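Contents: one structure, followed by commentary.
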Amino acid sequence: MELIQKGQEAELDTIKGLKATLTWHESADFDLAALYEMKDGSDGLIYFGNKGDLNASPFIKVGGDAGVGDTVDSGGENKETLKMTKLDENVKAIHLVCWDWAKVNSGEHARFAESDVKLEIVDDSGNNHNVKLDCGDLGNVVVVATIDNSSPIGAKFVNTSKAGTLKELKESKQLLEIAHQ
């Protein structure tokens, strides 16, 4: 299911075996990251600098880093993946984030307007949901979508589409401010 509008959501049939994939075709160093919030109020960030672990809470691991040095991988497509072996009952939310790493470091606006960035999430039953990045020239970081696990009834995938501008990424709290705006 394509989640076209900000706020649009889809229920997740399973909370095991989730895979998120960020794809784009431009020469840009975009990155996929997972900002997680635990029900006890703690938080953390899984990204190329902290790849995570599929065997320990929050059971998230990011794959390789594509587009490094503003390149396009062979085949003309850049792709980064993030896997979740289960959605831990202690996890309140997982915010799936895309940033333009060079622009985060310089504090400049990203190259999102010229891109075709898309985020897709697939569960272990093969159900998929996707969100196309649509934030124009705003910011250098986008919280593209959220896996909301705060309800006792079940988790849902939400088109979040919230952009912000950072000058260096120093702590996960900076991204939480964008996610909660």
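Bear in mind these aren't lab numbers, they're just calculated from the coordinates by the rules spelled out. Just so we're clear, the structure is a prediction, and the values are computed from it rather than from any experiment. All Cβ positions, even for glycine, are placed from backbone atoms using ideal geometry, and neighbour counts span all protein chains on display.
Multiplying the residue separation of E2 and L138 by 0.36 nm and removing their Cα-Cα distance gives an extension gain of 46.7 nm. Restricting the calculation to Cα atoms, the chain shows an Rg/Rh of 0.93 when the hydrodynamic-style radius is the Kirkwood one.
Taking a ≥ b ≥ c as the square roots of the Cα gyration tensor eigenvalues, with a/c under 1.5 meaning rounded and otherwise prolate when a/b beats b/c, else oblate, which class fits the range 4-50? Oblate is the answer for the range 4-50, as a/c is 1.5 or above yet b/c matches or exceeds a/b.
Residue separation of K167 and N55 scaled by 0.36 nm, minus their Cα-Cα distance, works out to 37.0 nm of gained length. Projected label points at E11 and D116, each 7 Å from Cα along the beta carbon direction, are separated by 3.4 nanometres. Comparing K167, K61, K51 in a Gaussian network model of the chain where C-alpha atoms under 10 Å apart are linked, the largest mean-square fluctuation is found at K167. Classify the range 136-181 from the C-alpha gyration tensor, please: rounded if a/c falls under 1.5, else prolate or oblate depending on whether a/b exceeds b/c. Oblate.
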